[in-house]
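Participant: If you scroll down you'll find the structure; I have some questions about it.
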Amino acid sequence: MNIPLLPVVHPPRKLSAELADLRVRVAERAVTIRELLYVLKGRAYMLLVILLTLPFLLPLPLPGLSTPFGFAIILICLRLALGQRPWLPKSVQRRQLPAGFIPRLLDLAAKIIGGLERVLRPRWLVLTEHALIRQLHALVMVAGAAILLLPLPIPFSNGLPAWSILLVASGLLERDGRAIALGYVVFALSVVYLWLFGEAAQGLVEAGMKWLRRP
């Protein structure tokens, strides 16, 4: 009697492996976002969200790229929040990234992603397995990306929302609900931080106006 073998279920490739392949493919030449989508394949859009988020928390210059990067994150996550397939307009896909920029970004990303991989694992699956809940996560990433687009002269105003997007996106890829929950906490902290800074700035302005009005 032949006993049917159970199908072998292979776990998804680690983010670091995906990024290492990408590092080899792009080398030191200029690449477009469309090429990145092609190389990243199956998990392309969520991996692209992670890549586009990293420059906002790493010491890399983004001359002329911060706005299209933030806009692309919003477009991808907004489609996911609406329960639709991720999509980017051709004008964004054709956006060319400078030669050497992606390799430098990937080298720095390897340190962060490598650290996350040591702790990310499938857990708290109630936060990762339901479509409506995943749409809510995408909406939080939209809100975080909107903060990244704001021209705020506030120290660390990009770091907190960028980390929240990174944690939620990584948690969705690795089915780690705890990472997603931590992403929510970081997002809440970013909102509180901006509010407190705004209140403090308003208080300073009002105090300065009163001082100027003194005879």
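What follows draws every value from the coordinates through simple rules; no lab data is involved. Please read these numbers as outputs of a predicted model, since none were measured by experiment. Glycine gets a Cβ as well: all are built from the backbone with ideal geometry, and neighbour counts include every protein chain shown.
Participant: Give the peptides 181-189, 114-122 in descending order of average Cβ contacts within 10 Å, highest first.
Facilitator: Averaged packing, sorted descending, gives the order 181-189, 114-122.
Participant: Give the share of C-alpha pairs in each 5 angstrom bin for the range 91-165, from 0 to the last occupied bin, in whole percents, shortest bins first.
Facilitator: It works out to 3, 11, 12, 16, 24, 19, 10, 4, 0, in whole percents.
Participant: Taking the mean number of other Cβ atoms within 10 Å as a proxy for protection, how do you rank 100-113, 135-148 from highest to lowest?
Facilitator: 135-148, 100-113
Participant: Which cross-chain or sequence-distant (5 or more) residues have an amide H under 5 Å from the amide H of Leu97, H modelled 1.01 Å from N in plane?
Facilitator: Residues meeting the criterion, in which the H sits 1.01 Å from N, are Val31, Thr32, Ile33.
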